[in-house]
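Q: Shown below is the structure under consideration.
The values are calculated or read from the model by the stated rules, or taken from the named source; none is laboratory data. Keep in mind that this is a model prediction, so the values were computed, not measured. Each accessible area value is taken on the protein alone, full model and side chains, heavy atoms only, with ligands, DNA and RNA left out. Shrake-Rupley method; radii C 1.70, N 1.55, O 1.52, S 1.80 Å.
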Amino acid sequence: ESATQHLVRVLRLDVGAELTVFDGEGGEWRARLASIAKRGGEVELIDRLPTPAEGPLQIELGQALARGEKMDLVLQKATELGVARIAPLVTERSEVKLDAERAERRLAHWRGVLIGACEQCGRARLPELRAPLRIEDWAVGVQAEHRLLLDPEAELGLGDIAAALGNDPARIALAIGPEGGFGPRDLAALRAAGFVGLRLGPRVLRTETAGLAAIAALQAVAGDFR
């Protein structure tokens, strides 16, 4: 219903107009608006379009829960930057608390943010969105050959990571702390799970900036920004 309302009321399309539709799993089609109803509409698929392949980096962003618009911003921009998966994390210093009911509502809202970001940037595959989980559980369960946590005092810089990645496809887990930074328990859990620090210059970045800057930097040195 919401998609139809956008087509009709915002874009002012009418029956017969051509548009592009996607399934969120990599499929994309040229289509024609076939009918408009009060609670939705129908499209006729004309032919399947070639879809650009996803980049060589499979990045899973472990983002500490942030308040309202900050979290929306991270999800939106991370989608545009090409992340494969996003895991909202409950950390030692997280200020956002979600019970089961609130978590379900937030997941539905966040999924809408991801869909909107894909529509805007022309991406046909939605990033996988995981339910909020404790950072300890995420750290031990994440599937990635390269495990990074952003830390302005870290021993490794971007050049070191680029050399380790080389030119081959790679899976990367990237952990970003909350507004107050990672607590001692968070860092201990991440280090025990094989995460190493990544330094992006001398400045301390805000939680809504840090992950996006790191993703863009990784895409530039080893991903589809090259």
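Q: Setting aside same-chain residues fewer than 8 positions from Lys97, which lysines have a Cα under 25 Å from its Cα?
A: Filter leaves Lys70, Lys77.
Q: Something else: Taking every DSSP beta bridge that has both residues in the chain, what percent is antiparallel when rounded to the nearest 5?
A: 35 percent
Q: Can you give the calculated 222 nm mean residue ellipticity of the chain, where each DSSP H run of n ≥ 4 adds -39,500 (n - 2.57) and the sum is split over every residue, rounded to the nearest 500 deg cm²/dmol?
A: For the chain, the value works out to -10500 deg cm²/dmol.
Q: Please identify the helices of the chain, taking whole runs of DSSP H, that span at least 15 Å along their own axis as judged from the Cα atoms and have a mean Kyte-Doolittle score of 0.0 or higher. Working shown, then result.
A: Values: long enough: 68-80 (19 Å, -0.57); 100-121 (31 Å, -0.38); 207-222 (23 Å, 1.26).
Helices meeting the span and hydropathy rule in the chain are 207-222.
Q: Moving on to the next point. Quick one: how many Å² of Glu155 are accessible to a 1.4 Å probe, rounded to 10?
A: Glu155 has an accessible surface of roughly 110 Å² with all protein chains in place.
Q: A further question on this structure: In whole Å, how far is the Cα centre of segment 65-131 from that of segment 178-216?
A: For segment 65-131 versus segment 178-216, the Cα centre distance is 18 Å.
Q: Turning to a different aspect of this structure: For segment 142-224, what is the accessible area per residue in Å² when the probe is 1.4 Å?
A: On a per-residue basis, segment 142-224 sits at 45 Å².
Q: Ok, one more. Step through the residues of segment 30-46 one at a time and calculate ³J(HN,Hα) from phi using the Karplus curve (6.51 cos²θ - 1.76 cosθ + 1.60, θ = phi - 60°), rounding each to whole Hz and writing x for Gly and Pro.
A: Values per residue, Gly and Pro as x: 7, 9, 10, 5, 8, 7, 10, 10, 5, 10, x, x, 10, 10, 9, 6, 9 Hz.
Q: Accessible area of the chain with a 1.4 Å probe: how many percent of it is carbon plus sulfur? Intermediate results must be reported in sequence, preceding the final value.
A: Working: 5970 of 11890 Å².
Whole-percent figure for carbon plus sulfur exposure: 50.
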